[in-house]
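Trainee: One structure coming up, written as structure tokens, with questions to follow.
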Amino acid sequence: MENYLSQQRAHVFSNVGVLIYVFDIESRDVDRDLFTYSNIVSALFQFSRDAKIFVLIHKMDLIQPQQREAMFDARVNIIRRKTFEAFALIRKQNRELGGQDTSGVSEADVEPQAFATSIWDQSLYKAWASIIHDLVPNLSVIETQLAALGAAIEAEEILLFERTSFLVVSKWTSETAARENPFGDRFERLSNVLKAWKHTCSKYTGTPRNSEQFTDFEYKAGANFSVFVTKFTTNTYIQVVLPPGEARFNAAKLNVAIARSWFKFLDGPSAPVATGSAVTGSSGDYAA
Amino acid sequence: MATSLTKRTSSTEHRDPHSAPRSRGLYISPATVKLNHIYEQNRQRQQKKDGVKAPEPTATPLAKGKPRLLLMGQRRSGKSSISSVVFHKLPPNETLYLESTARIQKDSLNSFMDFQVWDFPGQIDIFDNPNFTFDMDAIFGEVGALIWVIDAQDDYLEAVSKLNATILHLQRSYPHILIEVFIHKVDGLSDDYKLDIQRDVTIRIQDELSDQGVENASISFYLTSIYNHSIFEAFSKVIQKLIPRLGQLEALLTSLCRTCRFDKAYLFDVNTKIYIATDSSPEDVASYEICSDYVDVIIDFTEVYGSWQRSPGWRAKLEQPPWPKRLEDQIGCDLAESGMILSDAQRPIILREVDRFLALVAIMHEGSYDKMPLINMNVDEVVKGLTEFFEITKPKETRVAGKDSIQGQMEQLALGS
Ligand SMILES: Nc1nc2c(ncn2[C@@H]2O[C@H](COP(=O)(O)OP(=O)(O)OP(=O)(O)O)[C@@H](O)[C@H]2O)c(=O)[nH]1
Ligand SMILES: Nc1nc2c(ncn2[C@@H]2O[C@H](COP(=O)(O)OP(=O)(O)OP(=O)(O)O)[C@@H](O)[C@H]2O)c(=O)[nH]1
Ligand SMILES: [Mg+2]
């Protein structure tokens, strides 16, 4: 870490798109963690003023459930303050020494987005999905096309999952469903469900976890709703939620198959997450 | 028509650390119909149909009431953890925060069969208590099974001798009680070591009992852990012993497997993921695991998309062109049905709801995907057979009245959540 901050500083912290900083909530030396963090974000402000900061307050499972929210809020407040302090300092330095121009950047732009996470629940999916969402190129094109598809087949909701992580890359929800569905956490929840299911399959079939585990999933819940999840483009699965009805279901499947070609560009060469992001922190790495 | 799978209550999400602490209350389906009601109804119906012939007497004298499962064993052996994980869906790692039980915790469970689960405090000896005399009849009178939990990661000699003393007490007055020994917390133990412990515990119990002249006590042993499916499997086997006419259910599933080329078929209690019957092919943990996890997937999707009420105009809109038919006539089946294809060998896994508590889950041979239509027909037949078995017949009238009953259910749901 020290090395990054000294000799390799410019190298590591130039052209960063996203900084993901992981704090261990149970860390024995919070002051030291914060000190390191301040140094890191200072370097970031110095060399990549547009970078976004995501902070994961990690291993939350170790905290008693009733105390989690308060602990999280308290920690995030300190981190926010440290971030602003570091930012103010760099800005002052820049003004005095004529470094990178930070005049167009405000506090709001550097404010870290924080998530309480643990490898033992779905919280990491929510965090990573937000991060990925910020990184996907052509996001607005994807969103427009999903909306067109959704309206055409009268779906309630469409989700696009990345093939291996099952993170939600993009989504569209009909106006009514968006208003009525009370499960605000359903995207990370379903990521978690499908990812866990993939592990179950891999255990059963004896094939590697990251290889393709299933192709088609259909579920018709009587006169309530229907849903299918199917392989879509090379890198994605699509989930379509529909009102009940056999004919509606079959028509939607056909239309989704046709719409596949609209989304071919999703299979472009660049994997979105790998570009210009750095994961660093005091402890706790994971394979989401 | 109203079913637990397609119309689930939104039980609180348990994976999210931000959500409010889950209530300890029992999960009860909104459409809960107590099974002894059903049993009663069915018995009456059956009696009308068969004239004087009463329903088949059951193997044990217990089936009439609510079979009771007693969880007993030493302090911290894991009794409360087991009951919380299996019956309250507590994530296993959160059992670390459970407090030691101070008095008997009684849960009753509404399912295809109503049963009670009593979680005993390990710190109290009910047979030899200086402060309090327990009413033995009240405890053991209606018992189905006594589950004795032994911590395999701890020194278990005392647990074994306590269990022996308990069996000796019960032999006199309640000889029909099933004794089920859970050798528990075997996660992290090697397979060899597990089997060694199981052998050792078995021998110690049998030797001592035969020294005391007890030869025919029915005792079964299971290796369990809350961190994997073993605890659900063990509970499944215990519950199966309490189900009247289990053989018929098994025969039904066996014949389904033969006609449809299923590798394995299970009848699940959806709420607990206990399987109450399977076909006669050899036991296979891997199949149970994948089928049980499939139930989880379906439950999650049902909660997220099926547990809330759509707006009033929803139905009217759906019954317009291009599909101008009643919604009931647009769907192929009013019970939940699902299937998925596993990639490795184009192997399908299917789930079919049987009634508000039960679902049939089966995993098929490799490459039987193209036979799906035929399979669906056969599954339909078996689901019918199962429904008849549980004698929860759905007369035509409910179909006509369906709209009202669904609305009713939904209102209940809205009020309940
Ligand atoms: N309880 C709990 N433990 C976790 C969680 N995430 C990671 N751990 C544990 O934390 C320990 C350290 O995890 P690593 O992933 O090696 O941490 P790291 O940040 O990569 O560490 P360095 O490589 O030294 O920087 C391991 O024992 C993990 O099992 C979590 O969410 N909850
Ligand atoms: N490793 C492991 N630990 C378990 C398992 N089941 C329970 N435990 C742990 O055992 C401890 C005691 O569990 P309890 O369920 O409170 O034990 P109890 O038998 O109800 O104890 P009393 O109420 O005092 O009689 C908890 O810390 C659990 O996390 C298991 O399968 N494996
Ligand atoms: Mg207890």
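Every number in this text was worked out from the coordinates using simple rules, so none of it is lab data. Note that this is a predicted model, so its numbers are computed, not measured. Cβ coordinates were reconstructed from backbone atoms using ideal geometry, including for glycine residues, and neighbour counts include every protein chain displayed.
Trainee: Just to be sure I follow: if Rg is taken over the C-alpha atoms of the range A:24-104 and Rh is the Kirkwood radius over the same atoms, what is Rg/Rh?
Mentor: Working: Rg = 15.0 Å, Rh = 14.0 Å.
Answer for the range A:24-104: 1.07.
Trainee: Rounded to the nearest 500, what is the 222 nm mean residue ellipticity of chain A from helices alone, with -39500 (n - 2.57) per DSSP H run of 4+ residues and division by all residues?
Mentor: It comes out at -14000 deg cm²/dmol, rounded to the nearest 500.
Trainee: Cα gyration tensor of the range B:61-240, axes a ≥ b ≥ c as square roots of the eigenvalues: rounded (a/c below 1.5), prolate (a/b > b/c) or oblate?
Mentor: Note, shape of the range B:61-240 comes out rounded.
Trainee: Using a simple spin-label model with points 7 Å from Cα along the Cα→Cβ vector, what separation in nm is obtained for B:Phe127 and B:Arg204?
Mentor: 1.6 nm
Trainee: Hey, which aspartates and glutamates would be in cross-link range of A:Lys171, C-alpha to C-alpha under 18 Å, not counting anything within fewer than 8 residues on its own chain?
Mentor: Candidates past the 8-residue exclusion: A:Asp134, A:Glu143, A:Glu154, A:Glu156, A:Glu157, A:Glu162, A:Glu180, A:Asp185, A:Glu188, A:Asp267.
Trainee: Same structure again: Using Cα centres only, tell me the gap between the range A:148-205 and the range A:1-36 in whole Å.
Mentor: 33 Å
Trainee: Determine the relative contact order of chain A: mean sequence separation of Cα pairs under 8 Å and six or more apart, normalised by residue count, in whole percent. Write down the numbers at each step before the final one.
Mentor: On the way: 399 pairs, mean separation 61.8, N = 288.
Reported as a whole number, the value is 21 percent.
Trainee: Which aspartates and glutamates have a Cα lying under 18 Å from the Cα of B:Lys79, excluding residues fewer than 8 positions away in the same chain?
Mentor: Once the sequence-local aspartates and glutamates are set aside, what remains near B:Lys79 is B:Glu94, B:Glu99, B:Asp107, B:Asp119, B:Asp125, B:Asp151, B:Asp154, B:Asp155, B:Glu158, B:Glu180, B:Asp187, B:Glu233.
Trainee: Filter A:Lys52/A:Lys126; A:Lys253/B:Lys317; A:Lys220/B:Lys89; A:Lys126/A:Lys195; A:Lys203/B:Lys237; A:Lys203/B:Lys89 down to the pairs with a C-alpha to C-alpha distance above 19 Å, please. The partial results should precede the final answer.
Mentor: Details: A:Lys52/A:Lys126 17 Å; A:Lys253/B:Lys317 21 Å; A:Lys220/B:Lys89 25 Å; A:Lys126/A:Lys195 13 Å; A:Lys203/B:Lys237 23 Å; A:Lys203/B:Lys89 22 Å.
Going by Cα-Cα distance, A:Lys253/B:Lys317; A:Lys220/B:Lys89; A:Lys203/B:Lys237; A:Lys203/B:Lys89 fall outside the 19 Å limit.
Trainee: Something else about it: Where the only charges are on Cβ atoms (+1 Lys, Arg; -1 Asp, Glu), what is the dipole of the range A:88-161 about its Cα centre, to the nearest 20 debye?
Mentor: Values: 4 positive and 11 negative charges, 80 e Å.
My answer is approximately 380 debye.
Trainee: Can you give me the distance in nm between label points at A:Glu111 and B:Gln320, each placed 7 Å from the Cα along the Cα-to-Cβ direction?
Mentor: The modelled label-to-label distance comes out at 4.2 nm.
Trainee: Where the only charges are on Cβ atoms (+1 Lys, Arg; -1 Asp, Glu), what is the dipole of the range A:2-120 about its Cα centre, to the nearest 20 debye?
Mentor: Working: 14 positive and 16 negative charges, 36 e Å.
The dipole of the range A:2-120 has a size of about 180 debye.
Trainee: Report Rg(Cα)/(2.2 N^0.38 Å) for the range B:346-386, keeping two decimals. Write down the numbers at each step before the final one.
Mentor: Numbers: Rg = 10.7 Å, N = 41, 2.2 N^0.38 = 9.0 Å.
So the range B:346-386 has a normalised radius of gyration of 1.18.
Trainee: Given labels modelled 7 Å from the Cα in the Cβ direction, how far is it in nm from A:Gln7 to A:Leu89?
Mentor: Each label point is offset 7 Å from its Cα along the Cβ direction, giving 2.4 nm.
Trainee: Sticking with this structure for a sec: Please list the non-local residues whose amide H lies under 5 Å from the amide H of B:Arg245, H modeled 1.01 Å from N, same-chain partners needing a gap of 5 or more.
Mentor: For B:Arg245, whose amide H was placed from the backbone, the distant partners under 5 Å are B:Ala59.
Trainee: Take the Cβ-Cβ distance between A:Phe265 and A:Glu175 as r, set R0 to 25 Å, and report the resulting FRET efficiency rounded to the nearest 0.05.
Mentor: Details: r = 27 Å, r/R0 = 1.07.
E between A:Phe265 and A:Glu175, to the nearest 0.05, is 0.40.
Trainee: Could you work out how much longer the chain between B:Phe134 and B:Val285 gets when fully extended? Use 0.36 nm per residue separation minus the Cα distance between them, nm to one decimal. The partial results should precede the final answer.
Mentor: Values: separation 151, 0.36 × 151 = 54.36 nm, distance 3.96 nm.
Extra length available between B:Phe134 and B:Val285 comes to 50.4 nm.
Trainee: Any idea what diffusion coefficient chain A gets from Stokes-Einstein, in µm²/s, Kirkwood Rh on alpha carbon pairs, 25 °C, 0.890 mPa s?
Mentor: Here the translational diffusion coefficient equals 116 µm²/s.
Trainee: If neighbour count is taken as other Cβ atoms inside 10 Å, put B:Val270, A:Val30, A:Val16, A:Val193 in order from fewest to most.
Mentor: Values: B:Val270 28, A:Val30 15, A:Val16 19, A:Val193 23.
So the residues, fewest neighbours to most, are A:Val30, A:Val16, A:Val193, B:Val270.
Trainee: Determine the sum of side-chain charges near B:Arg68: Lys and Arg each +1, Asp and Glu each -1, restricted to other residues whose C-beta is under 11 angstrom from that of B:Arg68.
Mentor: Working: positive: B:Lys66, B:Lys106; negative: B:Asp107, B:Asp114, B:Glu142.
Surrounding charge for B:Arg68 is -1.
Trainee: Test of understanding: ordering B:Thr272, B:Thr302, A:Thr164 by Cβ neighbours within 10 Å, fewest first, what list do you get?
Mentor: In increasing order of surrounding Cβ atoms, one gets A:Thr164, B:Thr272, B:Thr302.
Trainee: Go through the range B:244-249 residue by residue and turn each phi into a ³J(HN,Hα) via Karplus (6.51, -1.76, 1.60, θ = phi - 60°); whole Hz please, and just put x for glycine and proline.
Mentor: Along the range B:244-249, the couplings run x, 6, 4, x, 5, 4 Hz.
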